[in-house]
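Each remark here refers to the structure printed beneath this line.
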Amino acid sequence: MNTLKKLQNLNNSGKSYIIYKSKNGFDLYTNFSKKIILNNNNIIRFLKKKSKKDKLKNTDLYIGFFGYELLNNLIGVKVPKQRTNKFPKGIFYKPEKKTHLPKDFLYNLSKPFNKKNDFKININRKIYSKIFEKFKRKIKSGETYQIKICTKYKKVSKIEPLDFFCRLSKVNLAPEAFMIKDKNYSIVSCSPENLITKKGSLITTKPIAGTVKKTKKMNKLRALNYFKKNIKENKEHNMIVDMERNDLSRICKKGSVKLVKTKVVEEYKDLFHYVSLIKGKLNSKVASIDIIKAMMPGGSVIGCPKINTLNLLNKQEKENRNIYTGSFGFIKFNGDMRFNIIIRSILNYRNISEISVASGVVVDSSAKHEFEENYIKAKALIDLY
């Protein structure tokens, strides 16, 4: 039986599984022996789990996600009471089987697009502009230097996550793409941003800050020229890079944190991103929990300084972000890990799909531009419906 047929049978079986983009295709995780639902009381115990095995199998890991609210609590940032759909704060699975999928397995599952768009947005342009001006005053008073306003699109719908993931990956394949299919929920993501890759004592992070819409006239070279000449985009990018260098410096050896790539352009379906890559060498006694607390939530989707900005956001926002700006990935039993930032994602729970997006506000930002940028980011996901 070929790989595609096996996957179709798995999908029809009702069993849970996870697909995660890897270097030369995708990794399929199945046969879960444990499912750990995280909360504020058990996350520290989970992160301090240790293995006594000398030789690890490729399934000796936990794979899953930390939600935004859970990560705030972990680093001591209070989230006021907000509207919630009671989705779990985090879930990790222990797989007993890992299967490699070729990068072209997806394309045979493609279906025609349905162009109907009846998503409802939680913040309209008028309300967004009021929040925008409020945060600009906070920037001018020195309470924050950059802040990301989140908008959420919702739609009552059932989805077939494998079909959505295949179609999304066909048009917008991203280096941190993943999907989870569970009997109670599903997540489909084309996240472009890697927050943590740790192998031994080496750690890297890849901040993304800067977005421009792709058009017939706006190609990759012109996007690079646009970013280089745009003062606002450069300010935003520099601030986020500096913050993530600082985050790494808290857990890395002095002098080891360095920029590997600076301000390159990555191309996606509807937009271009401005990207850098930072590496460091970890201090000898740094544990998994130290890395998570230092790096999460990812600064590029929050703003800076991180703690002050989180407090401002949490006071303003009226409902839980759930998975959005949390992190998905895995922790191996030897402490190696890979985590993304959960953006460009659909959460389907209790037959409601939600897509959250955010854009950055700095002192010279435009409310009209940032509101429209949010829609550009959501469009590749909305088009799936």
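The values are calculated or read from the model by the stated rules, or taken from the named source; none is laboratory data. Note that the structure is predicted; figures quoted are calculated from it, not measured. Please note: Cβ atoms are built from the backbone with ideal geometry, for glycine as well, and neighbour counts cover all protein chains shown.
Looking at the stretch 213-220, can you tell me whether even one residue there is closer than 19 Å to LEU277 by Cα and assigned to a helix (DSSP H, G or I)? Among the residues of the stretch 213-220, at least one is closer than 19 Å to LEU277 by Cα and assigned to a helix (DSSP H, G or I), which makes the answer yes. Which ones in the stretch 69-105 are hydrophobic (A, V, I, L, M, F, W, C) and in contact with a Ser or Thr (Cβ under 8 Å, 6 or more places away or on another chain)? If the condition is that a residue be hydrophobic (A, V, I, L, M, F, W, C) and in contact with a Ser or Thr (Cβ under 8 Å, 6 or more places away or on another chain), then LEU71, LEU101, PHE105 are the ones that fit.
Selection of the stretch 124-158 for residues being assigned to a strand (DSSP E or B) and either among the aromatic types (Phe, Trp, Tyr) or surrounded by 18 or more Cβ atoms within 10 Å (Cβ to Cβ) (or both) yields GLN146, ILE147, LYS148, ILE149, CYS150, THR151, LYS152, TYR153, LYS155. For ILE342, the criteria (1) touching a Leu at 6+ places or on another chain (Cβ under 8 Å); (2) modelled with pLDDT of 95 or more; (3) not in a strand (DSSP E or B) hold in every case but one, which is (1). The single residue among LYS181, LYS217, LYS170 that is over 21 Å from LYS103 (Cα atoms) and not hydroxyl-bearing (Ser, Thr, Tyr) turns out to be LYS217.
For (1) free of Cβ contacts under 8 Å to residues at least 40 places away in the same chain; (2) among the hydroxyl-bearing types (Ser, Thr, Tyr), each residue gets a yes or a no:
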position	(1), (2)
LYS57	yes, no
GLY64	no, no
TYR68	no, yes
ASN72	no, no
GLY76	yes, no
VAL79	no, no
LYS86	yes, no
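Apart from one condition, GLU69 fits all of (1) over 18 Å from the mean Cα position of the chain (by Cα); (2) closer than 30 Å to LYS315 by Cβ; the exception is (1). So, of the residues in the stretch 316-336 that are hydrophobic (A, V, I, L, M, F, W, C) and surrounded by fewer than 20 Cβ atoms within 10 Å (Cβ to Cβ), which turns out to be modelled with the lowest pLDDT? Checking each candidate, the answer is PHE333.
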